[in-house]
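Have a look at the structure below before the remarks.
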Amino acid sequence: MENKIEARDLHLYYGEKHALKGINLDIYKNKVTALIGPSGCGKSTFLKSINRMNDYIDNVKITGQIYIDEEEVYSERVDTTILRKKVGMVFQQPNPFPMSIYDNVAYGPRVHGVKDKKQLDTIVKKSLDSCVLYEEVKDRLTSSALGLSGGQQQRLCIARALAVSPDIILLDEPTSALDPISTLKIEELLLQLKEEYTIVIVTHNMQQASRIADYTAFFLSGEMIEYGQTKDIFSLPKDKRTEDYITGRFG
Amino acid sequence: MVRSRFEIELKALRTELNKMTYLVIEAIEECVVALKTQNIELAKQIVENDIKINQMERAIEARCYSLILKQQPIASDLRMISTALKVVTDLERIGDQSADIAKIITTLQGDSMYRMIEHIPDMARVAKKMVKGAIDAFNTNDLVLANQVVMMDDEMDEYFIIVKEEISEHIKSDIHNTDIGINFIIIAKYFERIGDHATNICEWAEFKTTGSVNEHRLL
């Protein structure tokens, strides 16, 4: 199995607070990897370290390395705009731009220099198709994205990420604000998308992790306690802390 | 404590399983008493009590399904509940076999029958020990004990061979012993099957602890 993302002795500090403590983790290409753990354990912090979203936070200090395709993410040579094109991100609350459905998806490609209308049309259709959204919205692409349902908005956000041809998609609790049907649609979508992309998802939903993740990493108090195939983590975890968390004995 | 209701329900499940085990072991013990003392009334009582064992099986199954539905158990909780579903089936079958033994006892007559059953009480003793040991191993995740119970099945098989040979000699010595001899072979076979069910329970004890049965990973 090929590594897509590698973390090596990664430490992150928010000022004095030691939020990530020596994380070593290999995330595999074209797999869905779930990050689980109680609130405040560092899983979202780790996720945002992958595409350097933590750069926007004051007083953040990072030591150690993260590699994507063997290139160090925190190298001074790295252009974070290019990095965030390669590593897309979807957040808990759907956040479509206050513009049309079409313009939401076309925004990223335009920023990266695509001007040809036909090319943009193709990109928009393909991205919306990939998210099983095109048929639902094809007759109103010029209408505001804010008029879509929550589930549709979240799929639009995924389409927006796909439009710039990423390799990796990071999702931070992408379905926690959605109804069960929308949740299942997003999960089905992620299972299809992993054929082409590497997916890392933070989730509080154990059943979701067990449904869609190939691998699961359990974080606790800034440390990664256990990592392995999801079926092993959820059936026979090696560490008692993992067992106690997934069985709801704490959390 | 988080999930305290779930903990209470798991505890109740274990208690119900232990109650069912107690009834099953009692049935085995009473079969031996009924056999030795030719107590037809006790034998009839064993048959009637089997209804209660069957009802307990259904009640425990319903409890397990409810837990699966409401609590979505995983890891050790899932193994506990899923193996409870398996174990109640074996306990219910042990209850059935005891009732079947008791039904045969109600049809036996005459003093000669006791002379034929020299080693059948030994089989009953081993069966009871195996069932109790299997459930103890299941409750305490004691795989050493589970293995000891499985080894006792060899002793059970040896007794069965001895009993068959003894009964065969009795039949050869007097053709009028044929019917009663066949009945005792059936009784011996039921005790031997009880030992097999105890062995099954030990396999589920292994799965509950390790996720594997006979080192074959199931979960």
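Of all residues assigned to the range B:182-189, none qualifies as being among the charged types (D, E, K, R), buried (at least 20 other Cβ atoms within 10 Å of the Cβ) and either assigned to a helix (DSSP H, G or I) or touching a residue at least 24 places away in the same chain (Cβ under 8 Å) (or both).
Those strands (runs of 3 or more DSSP E) of the range A:189-248 in which 1 or more residues are without any contact (Cβ under 8 Å) to a residue 40 or more places away in the chain and within 14 Å of another protein chain (Cβ to nearest Cβ) occupy A:223-229.
Looking only at the range A:15-31, decide whether some residue is assigned to a strand (DSSP E or B), of a type in the set (V, I, T) and under 13 Å from the mean Cα position of the chain (by Cα). Checked against the condition, which is being assigned to a strand (DSSP E or B), of a type in the set (V, I, T) and under 13 Å from the mean Cα position of the chain (by Cα), the range A:15-31 yields at least one hit.
Scanning the range B:3-34 for residues that are surrounded by 13 or more Cβ atoms within 10 Å (Cβ to Cβ) and within 14 Å of chain A (Cβ to nearest Cβ) returns B:R3, B:F6, B:E7, B:E9, B:L10. Do we find a residue being over 16 Å from the mean Cα position of the chain (by Cα) and not β-branched (V, I, T) anywhere in the range A:194-202? Scanning the range A:194-202 turns up no residue that is over 16 Å from the mean Cα position of the chain (by Cα) and not β-branched (V, I, T). A single entry from A:V164, A:V132 fulfils the requirement of being surrounded by fewer than 22 Cβ atoms within 10 Å (Cβ to Cβ), within 30 Å of A:T45 (Cβ to Cβ) and β-branched (V, I, T): A:V164.
Screening the candidates A:R77, A:R110, A:R84 for the property of being surrounded by 13 or more Cβ atoms within 10 Å (Cβ to Cβ), more than 18 Å from A:Q154 (Cβ to Cβ), at pLDDT below 95 and among the basic types (K, R) yields one hit, A:R84. Restricted to helices (runs of 4 or more DSSP H) entirely inside the range B:9-119, those with at least 3 residues that are among the charged types (D, E, K, R) and touching a residue at least 24 places away in the same chain (Cβ under 8 Å) are B:40-71, B:75-105. Just to be sure, is A:I57 free of Cβ contacts under 8 Å to residues at least 24 places away in the same chain and within 19 Å of the chain's Cα centre (by Cα)? Here the answer is no, as A:I57 does not meet what is asked. In the set (1) modelled with pLDDT of 95 or more; (2) over 14 Å from A:I201 (Cα atoms); (3) crowded, with 17+ Cβ neighbours inside 10 Å, the condition left unmet by A:I27 is number (2). Total residues in the range A:42-94 satisfying the condition of being outside any strand (DSSP E or B) and on the phi < 0 side of the Ramachandran plot: the figure is 33. Checking each residue in the range B:66-91 for being more than 23 Å from A:D232 (Cα to Cα) and either among the polar types (S, T, N, Q) or surrounded by fewer than 21 Cβ atoms within 10 Å (Cβ to Cβ) (or both) picks out B:S66, B:T89. Listed conditions (1) within 14 Å of the chain's Cα centre (by Cα); (2) surrounded by 19 or more Cβ atoms within 10 Å (Cβ to Cβ) are all met by B:R193, apart from (2). Scanning the range B:149-170 for any residue that is among the polar types (S, T, N, Q) and at pLDDT below 95 turns up at least one such residue.
Of the residues making up the range B:44-60, not a single one is surrounded by 15 or more Cβ atoms within 10 Å (Cβ to Cβ), touching an Asp or Glu at 6+ places or on another chain (Cβ under 9 Å) and within 14 Å of chain A (Cβ to nearest Cβ).
Across the range B:159-210, what is the total count of residues that are more than 23 Å from B:T21 (Cα to Cα) and among the small types (G, A, S)? Residues that pass the stated criteria total 3.
State whether one or more residues within the range B:145-152 are among the aliphatic types (A, V, I, L, M), touching a Phe, Trp or Tyr at 6+ places or on another chain (Cβ under 7 Å) and more than 14 Å from chain A (Cβ to nearest Cβ). For the range B:145-152, residues among the aliphatic types (A, V, I, L, M), touching a Phe, Trp or Tyr at 6+ places or on another chain (Cβ under 7 Å) and more than 14 Å from chain A (Cβ to nearest Cβ): absent.
The values are calculated or read from the model by the stated rules, or taken from the named source; none is laboratory data. Computed from a prediction, not measured in an experiment: that's the story for all the values here. Neighbour counts run over all protein chains shown; Cβ positions are idealised from the backbone, glycine included.
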